[in-house]
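Beneath this line is the structure, given in structure tokens, with notes to follow.
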Amino acid sequence: MEFTKNRILSNKQLCRDYYLTETDGNGQVQMGQFYMLRSWGNIPVLSRPISVFNADQGRISFVYKVIGLGTVVFAGLKPGDPIELLGPLGNGYPDAEGKIALVGGSAGVAPLYLAARQIKAAHPKSGVDMYMGFSDKPFLTKEYEEAADQVVVNVGGFITDEIDPEKYDAIFTCGPEIMMKALYEKCQKAGAHSRLWVSLESRMACGLGACFVCSRPVGGANKKICKDGPVFPAEEVFSL
Ligand code: FES
């Protein structure tokens, strides 16, 4: 797989450090997959792994937080500017139906929009509840209200306090690891931990499983987050 040359269609600041960037592109994206993005010619900066927020009719969009030089460059891009994409990459969330909870923190809400849309498209009778946690200003809540049956937003507190794991057949989460671990512990108390899937973040270089930059112990073995993940059963990540 190689980088493709694409163009920026729009680039919008959602709030302080968070951006929604839309490019052209036609990938068949599975919920929870990501792309490696770069837009800096020969500057020696690693490509950035960014979650797919949405993919539809020749457009792919990404949500990210500006941290470091790479994402500062992305934030400054204008419609028509070139950008290179490698993907879609990673395994994505598994198929799920029934009553589904999606739990995201900050930029971790990003892949759960496509998850809500794909679950509803594949299983129209399924119920999808979206839980969104923010430390500061919430964003994209209107979009999630259109995609999910119910949206719960928590600002400045713990989104994990809002969810009753027993109500759900599957729970997908993405966001700060401390939040996902707290959710795992809550699910464990409710006997629902085997229904929880987490998406891990990592620094990456190749995105293809060819280096060891993203390697970490998961389920008793070293796993490459880019290729073996980024989605894992929570039990493999958090059980001792
Ligand atoms: Fe190279 Fe994952 S980034 S193996």
- Quickly run through the range 153-185 and pick out the residues that are of a type in the set (Val, Ile, Thr) and over 14 Å from residue 132 (Cα atoms). 178
- Task: Test residue 79 against the stated conditions and say whether it is open to solvent by 10 Å² or more (accessible area, probe 1.4 Å), within 28 Å of residue 37 (Cβ to Cβ) and in a strand (DSSP E or B).
- Result: no
- Filter the range 99-125 for residues that are outside any helix (DSSP H, G or I), in contact with a Gly (Cβ under 8 Å, 6 or more places away or on another chain) and surrounded by 24 or more Cβ atoms within 10 Å (Cβ to Cβ) and give the result. 100, 103, 104, 105
- Query: Any residue at all in the range 20-27 that is hydroxyl-bearing (Ser, Thr, Tyr) and either surrounded by 20 or more Cβ atoms within 10 Å (Cβ to Cβ) or within 17 Å of the chain's Cα centre (by Cα) (or both)?
  - Reply: yes
- Right, residue 34: within 27 Å of residue 195 (Cα to Cα), free of Cβ contacts under 8 Å to residues at least 60 places away in the same chain and buried (at least 18 other Cβ atoms within 10 Å of the Cβ) or not? no
- Task: Go through the residues of the range 45-68 one by one and say whether even a single one is without any contact (Cβ under 8 Å) to a residue 12 or more places away in the chain, away from the ligand (no atom under 16 Å from the Cβ) and not in a loop (DSSP other than H, G, I, E, B).
- Result: yes
- Quick one: would you say residue 162 is open to solvent by 70 Å² or more (accessible area, probe 1.4 Å) and within 16 Å of the ligand (Cβ to nearest atom)? no
- Within the range 168-177, identify whether any single residue is more than 16 Å from the ligand (Cβ to nearest atom), closer than 21 Å to residue 18 by Cβ, free of Cβ contacts under 8 Å to residues at least 60 places away in the same chain and not in a loop (DSSP other than H, G, I, E, B), and answer yes or no. yes
- Task: Within the range 126-148, identify whether any single residue is buried (at least 20 other Cβ atoms within 10 Å of the Cβ), out of contact with any Gly (no Cβ under 7 Å at 6 or more places or on another chain), at pLDDT 95 or above and among the small types (Gly, Ala, Ser), and answer yes or no.
- Result: yes
- Message: Cβ contacts < 7 Å: first residue near the ligand (Cβ under 6 Å from one of its atoms), restricted to the range 199-211; second residue of a type in the set (Gly, Ala, Ser) and open to solvent by 30 Å² or more (accessible area, probe 1.4 Å), any location; separation 6+ or different chain. Result?
- Response: 211/205
- Listed by first then second residue, the pairs whose first member lies in the range 212-237 and is of a type in the set (Asp, Glu), whose partner is assigned to a helix (DSSP H, G or I), with beta carbons under 9 Å and at least 6 positions apart or on separate chains, are 235/184; 235/188; 235/193; 235/194
- Just checking, how many residues over the range 202-236 are among the aromatic types (Phe, Trp, Tyr) and farther than 27 Å from residue 38 by Cα? 0
- Query: For the range 212-240, which residues satisfy the criterion of being open to solvent by less than 30 Å² (accessible area, probe 1.4 Å) and in a loop (DSSP other than H, G, I, E, B)?
  - Reply: 214, 225, 226, 229, 230
- Restrict the check to the range 179-190 and report whether at least one residue is in a loop (DSSP other than H, G, I, E, B), within 14 Å of the ligand (Cβ to nearest atom) and of a type in the set (A, V, I, L, M). no
- Please determine, by comparing only the residues of the range 191-211 that are not in a loop (DSSP other than H, G, I, E, B) and not aliphatic (A, V, I, L, M), which one is least open to solvent (accessible area, probe 1.4 Å). 199
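The values are calculated or read from the model by the stated rules, or taken from the named source; none is laboratory data. Given the structure is predicted, the values throughout are model-derived calculations rather than measurements. We place every Cβ from the backbone using ideal geometry, glycine too, and count neighbours over all the protein chains shown. Heavy atoms of the whole protein, side chains included, go into the accessibility calculation; ligands, DNA and RNA do not. Shrake-Rupley method; radii C 1.70, N 1.55, O 1.52, S 1.80 Å.
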